[in-house]
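Below is one structure, written out as structure tokens, with a few remarks after it.
The values are calculated or read from the model by the stated rules, or taken from the named source; none is laboratory data. Computed from a prediction, not measured in an experiment: that's the story for all the values here. Counting neighbours? That spans all protein chains shown, and the Cβs are built from the backbone with ideal geometry, glycine included.
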Amino acid sequence: MPPAAAPDSDTGSPLPQATFRFRCIGCGTVAHSAAQDFRCSHCGNLLEISDQAWKSGSLDATTLKSVWRDRRSSNAPLDCSGVWRFRELLPTPASLEHVVTLREGNTPLYELPLASRATGIPRLSAKHQGLNPTGSFKDTGMTVAATFARQAAYRWVACASTGNTSASMAAYAARGGMRSLVLVPDGKISWSKLSQALDYGALTCQLRTDFDGCLHLLQELVRRAPVYQLNSINPFRLEGQKTLAFELLEQMEWQPPDHIIVPGGNLGNSSAIGKALLEMRDLGLIPRMPKLWVIQAEGANALVRTLRETGGKRLVSVQAETRATAIRIGNPASWEKAVKVLQATGGACEQVSEVEIALAKAEIGAEGIGCEPASAVTLAGLKKLLLQGFVKREESVVLILTGNLLKDPDFTMDFHRGSLFQGAAHESENTQLKPFRHPPVVLEATLDAVIQALDHAEKSDRTHSNA
Ligand code: F0G
């Protein structure tokens with residue numbers, strides 16, 4: 001049955017409203033409601049949201065593109081959100097008054113001239129999700145999931161996190177008048193992320209375990225206490241994160257790049273981007289599919305191993321270790337969703353070393369953009385894909401930068417001071433990283449001292465450019 005046309009509250013234009021169901025990604029069971037743990041009541045696998053409206057053919061690509069474009073010049077709060085601007089392809093809350101928004105999304109797509117020159121790929125750009133309100137891509141999903149938490153009148157929302165989810169959740173909970181509970185691994189997340197959660201008023205528990213241990217505990221907790229889970233297991237999160245891809249394609253005049261490269265941790269984001277690409281293809285919004293690539297840190301490479309060792313049939317968990325703490329995850333919850341979308345787009349998963357991550361992060365910093373370490377795996381991964389022949393120089397590539405440079409100042413300071421890697425094994429790598437290091441210099445407060453420092457910097461620039 002085609003869905004009823006509902007007037008669009010802000011523009012007045014009649015548009016079909018997306019109705020939605022939950023569908024199990026394992027056995028395909030469809031349900032109108034979901035249990036607290038967002039798992040299928042039959043087989044225990046994860047749920048996704050399946051939109052009915054556009055499947056019935058009631059949404060037309062040309063109309064959608066023009067409605068979304070028009071909203072960019074509207075000042076209505078919902079239209080100012082780079083997520084809710086695409087609301088025809090999102091689950092619709094019962095009342096738009098429930099929407100919790102911080103004007104998320106609307107992030108820039110930057111060219112990367114230095115990296116373009118270094119890799120020989122002229123059409124290389126980066127979509128910077130770190131320029132969201134709380135500094136990471138999590139905000140685009142959080143606005144949708146927090147909205148549904150508020151609609152369901154939850155007092156408490158909760159998440160396990162490597163830092164960014166907790167910062168984002170705490171902010172959206174505060175905006176939506178809800179309390180938030182954060183479970184983070186003690187000593188293993190960056191202080192700046194932790195401090196965000198504190199400022200936004202979260203009850204923050206630093207647990208003596210890793211991220212996977214925190215998530216496991218949260219799964220138990222939601223079965224026992226009336227708290228609403230806001231991890232990316234919550235399919236509303238992924239619906240919001242889909243808009244990254246809608247917005248990207250709109251910025252590219254609906255001409256898909258050949259490749260989209262994204263970091264992989266718990267694998268919610270890659271799953272969301274893949275879902276969006278498939279929906280856009282089915283709706284006729286894009287003429288062809290980009291390949292989606294997930295990049296992991298070598299020390300947290302569960303998806304790499306899962307694909308290589310089992311062909312994507314069985315999860316190979318790992319004991320995760322990496323300085324890119326955002327993706328220090330060994331047992332990714334959304335691995336099956338990610339495997340499906342990678343297979344559907346023809347992409348795959350690659351891994352990069354700690355030194356490769358640090359170098360790529362410095363290179364992105366040198367572009368005047370910057371990002372947190374987990375985001376830099378994208379550029380490091382691109383270099384590998386290029387060497388392996390999976391990416392060709394004449395193709396177009398978009399890197400998804402997931403977190404802001406300011407998210408992990410310890411990593412950045414250690415890098416510039418030369419203390420990120422220790423021991424003889426890293427001597428040669430340190431030579432590679434040296435040109436990107438700009439440690440602070442402590443000087444007497446005299447003109448001579450500053451002029452000497454300038455001279456020294458000038459000489460060292462010349463040495464590096466002749467090298
Ligand atoms: N990049 C950053 C900056 C992240 O914070 C995360 C995940 C990822 C990439 C990986 O995304 O999990 O969807 O595959 N951070 C989560 C958190 C786990 O708790 O903040 P994913």
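Go through the residues of the range 247-261 one by one and say whether even a single one is closer than 18 Å to Met142 by Cα and within 16 Å of the ligand (Cβ to nearest atom). Show your work before the answer.
From the range 247-261, those closer than 18 Å to Met142 by Cα are 247; that's our starting set.
Then drop every residue that is not within 16 Å of the ligand (Cβ to nearest atom), which leaves none.
Checked the range 247-261: no residue is closer than 18 Å to Met142 by Cα and within 16 Å of the ligand (Cβ to nearest atom).
For the range 38-54, does any single residue satisfy the condition of being at pLDDT below 70, part of a helix (DSSP H, G or I) and out of contact with any Pro (no Cβ under 9 Å at 6 or more places or on another chain)?
In the first step, residues of the range 38-54 are kept if they are at pLDDT below 70; the result is 52-54.
Checking which are part of a helix (DSSP H, G or I) leaves us with 54.
Cutting the leftovers down to out of contact with any Pro (no Cβ under 9 Å at 6 or more places or on another chain) gives us none.
For the range 38-54, residues at pLDDT below 70, part of a helix (DSSP H, G or I) and out of contact with any Pro (no Cβ under 9 Å at 6 or more places or on another chain): absent.
So Phe411 fits all but one of (1) within 25 Å of Lys193 (Cα to Cα); (2) aromatic (Phe, Trp, Tyr); (3) not in a helix (DSSP H, G or I); what number is the exception?
(3) is the only condition that Phe411 fails.
For the range 146-175, how many residues are away from the ligand (no atom under 11 Å from the Cβ) and under 12 Å from Glu104 (Cβ atoms)?
As a first pass, look at the range 146-175 and keep what is away from the ligand (no atom under 11 Å from the Cβ): 146-158, 170-175.
Next cut, under 12 Å from Glu104 (Cβ atoms) only: 146-147, 171-172, 175.
Residues in the range 146-175 being away from the ligand (no atom under 11 Å from the Cβ) and under 12 Å from Glu104 (Cβ atoms): 5 in total.
Quickly run through the range 360-418 and pick out the residues that are buried (at least 21 other Cβ atoms within 10 Å of the Cβ), acidic (Asp, Glu) and in contact with a strand residue (DSSP E or B) (Cβ under 8 Å, 6 or more places away or on another chain).
Residue satisfying the conditions is Glu372 alone.
Scan the range 253-280 for residues that are crowded, with 18+ Cβ neighbours inside 10 Å, in a loop (DSSP other than H, G, I, E, B) and of a type outside the set (S, T, N, Q) and jot them down.
Those that are crowded, with 18+ Cβ neighbours inside 10 Å, in a loop (DSSP other than H, G, I, E, B) and of a type outside the set (S, T, N, Q): Pro256, Pro257, Gly264, Gly265, Leu267.
Only residues in the range 264-288 that are closer than 20 Å to Asn164 by Cβ and within 16 Å of the ligand (Cβ to nearest atom) count as the first member; pair them with residues that are in a helix (DSSP H, G or I) and among the basic types (Lys, Arg), Cβ under 6 angstrom, at least 6 apart or cross-chain, and list the lot.
Ser271/Lys337
Residues checked against (1) within 16 Å of the ligand (Cβ to nearest atom); (2) over 25 Å from Gly274 (Cα atoms):
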residue	(1), (2)
Glu350	yes, no
Ala360	yes, no
Glu363	no, yes
Cys371	yes, no
Gln388	no, no
Arg393	no, no
Ser396	no, no
Leu399	yes, no
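Tell me, which helices (runs of 4 or more DSSP H) lie completely within the range 139-231 with 1 or more residues that are under 20 Å from Glu97 (Cα atoms) and modelled with pLDDT under 95? Write out each step before concluding.
On the way: elements: 164-175, 191-199, 211-224.
Here the list is empty.
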